[in-house]
1. Would you mind calculating the relative contact order of segment 16-152 from Cα pairs under 8 angstrom and at least 6 residues apart, reporting the percent as a whole number?
2. Expressed as a whole percentage, what fraction of the accessible surface of the chain belongs to carbon and sulfur atoms when a 1.4 Å probe is rolled over the protein heavy atoms?
3. How do 76, 288 stack up against each other in accessible area, from largest to smallest, with a 1.4 angstrom probe?
4. Over segment 138-225, what is the relative contact order in percent, taking alpha-carbon pairs closer than 8 angstrom and at least six residues apart?
5. Where a ≥ b ≥ c are the square roots of the eigenvalues of the C-alpha gyration tensor, would you call segment 138-225 rounded, which needs a/c under 1.5, or, failing that, prolate if a/b is larger than b/c, or oblate?
6. Give the lysines whose C-alpha is closer than 20 Å to that of residue 15, dropping any in the same chain fewer than 8 places away, or say none.
7. Can you give the relative contact order of segment 236-360 as a percent, counting alpha carbon pairs under 8 Å and 6+ residues apart?
8. Quick check: residue separation of residue 64 and residue 85 times 0.36 nm, minus the Cα distance between them. What number comes out in nm?
Amino acid sequence: MARLIRESFAAIEPKADELAQYFYGALFVVAPDCRALFPIAMTTQRNRLLRALVYVVQMVDRPDDLAPFLRQLGRDHRKFAVVARHYDAVGVALIEALKRFLKEKWTHEVESAWTAAYGLIAKTMREAAQAETEPAAWTATVIEHRRLTRDVALVKVRTDGLLPYRAGGYVSVEVPQRPRFWRYLSPANAPRGDGQLTFHVRAVPGGWVSGSIVSHTRPGDVWRIGPSMGMLNVRPTSARRRLLMIGGGTGITPLLAILDDLSHWKRNPPVHLFFGGRRPDDLYALDDLHRLAMASSWLTVTPVTEEGALAGGDRGTLAHAVTQRGTWRNHEVLVSGSPPMIQATIAKLLAGGVELERISYDPFTID
Ligand SMILES: Cc1cc2nc3c(=O)[nH]c(=O)nc-3n(C[C@H](O)[C@H](O)[C@H](O)COP(=O)(O)OP(=O)(O)OC[C@H]3O[C@@H](n4cnc5c(N)ncnc54)[C@H](O)[C@@H]3O)c2cc1C
Ligand code: HEM
């Protein structure tokens, strides 16, 4: 099934933009009320849902990884006001669009594969959404906004009602400057029971939401925040071993939350953290990390930059620097950053003999 899906999609991938246009057209004909769920301006990111959909459907042969992610995604989709019948409409539009673009390659087998895979995915998401009793989203008021560097801002919010999350997770956020443009952010602090969440946001050039958060957010702004997601965490039972943490850019934030959590434990496993970025300026949290390491005998921090040197730091990519420093076979490993960084780092660790089950990361962080 997965092979048929991948091969058939590869044939039309160069036409993904046109496919997306047709898909949304079909969706809004089948279920016109769906239009209101999407941002008003869909020109630059027309294929956001479709891209995610196709990506997920192609992973249908990894059910063990996929199912927990889909349950989270289904619970999270309630924030869009997605209801059960919308899943049928999306399924119809997807099949219509594929059929139109695959033309003679649209065989009975291909149709069965896509229909079955989408059906499985939609069922898992829909059932998880229906079983959920927590709110679809929480409102949160911005209580602090300040720049950490030219392009990174710290934003602290307080939620109305406690949003349950585990250190290392991420949440989906909608800001008043960009209605209906939800983006994922990872809290940089462990839950404290006071509803406060701190985010570190880097303005991405040309980005719709991140630039607006960094430049235009003010105390008093009201955000909406979806339920916590993600697979990255350290539980007391899994932390008997030494920990290796590897964070690139703002990918450091879930690791900061985990360190915040660990710093309240009675006994800590030894932690070696590698924090990487292109240039020294990108390591915006390094001073705080050095301070924490000075106060915590269990923590070692190694900065890694691709260009420009840092005292006590390594040069190169994170994947290279980490594997140069040891084999890490006796460590639990947590990796967080961009998908290419995660992929490259895990590949090097596996080549160095670290077992995959010892490596935690968020495998499907679709943006
Ligand atoms: C699980 C998860 C956790 C995240 N946590 C954080 C976090 O804690 N802090 C944070 O600042 N961001 C985080 N992000 C990234 C964030 O969700 C947004 O993708 C990012 O802020 C860009 O959104 P935008 O609307 O500004 O850009 P968009 O309008 O979505 O994109 C504009 C352009 O920028 C490109 N682009 C998108 N994201 C990036 C990127 N990260 N780097 C370079 N180019 C990019 C796009 O390809 C596009 O060309 C996280 C993402 C995921 C998946
Ligand atoms: C069944 C399989 C589905 C999968 C795998 C899926 C996956 C995703 C993912 C990963 C995203 C991007 C992350 C995010 O913004 O939360 C997304 C966005 C979105 N999805 Fe879904 N989704 C599915 C079904 C649906 C359905 C049935 C609807 C209802 C019409 C829907 C509506 C949306 C909307 C409105 C967005 C935001 C799009 C944007 O910002 O442009 N999704 N989806």
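The values are calculated or read from the model by the stated rules, or taken from the named source; none is laboratory data. Predicted, not measured: the structure shown is a model, and the values here were computed from it. Glycine gets a Cβ as well: all are built from the backbone with ideal geometry, and neighbour counts include every protein chain shown. Side chains are part of the model used for accessible areas, which takes the heavy atoms of the whole protein and leaves out ligands, DNA and RNA. Shrake-Rupley method; radii C 1.70, N 1.55, O 1.52, S 1.80 Å.
1. So the answer I get is 35 percent.
2. 52 percent
3. The ranking, largest first, comes out as 288, 76.
4. 38 percent
5. Numbers: a/c = 1.59, a/b = 1.44, b/c = 1.10.
Prolate, since a/c reaches 1.5 and a/b exceeds b/c.
6. 99, 103, 105
7. On the way: 213 pairs, mean separation 34.9, N = 125.
Relative contact order for segment 236-360 comes out at 28 percent.
8. That works out to 5.0 nm of additional length.
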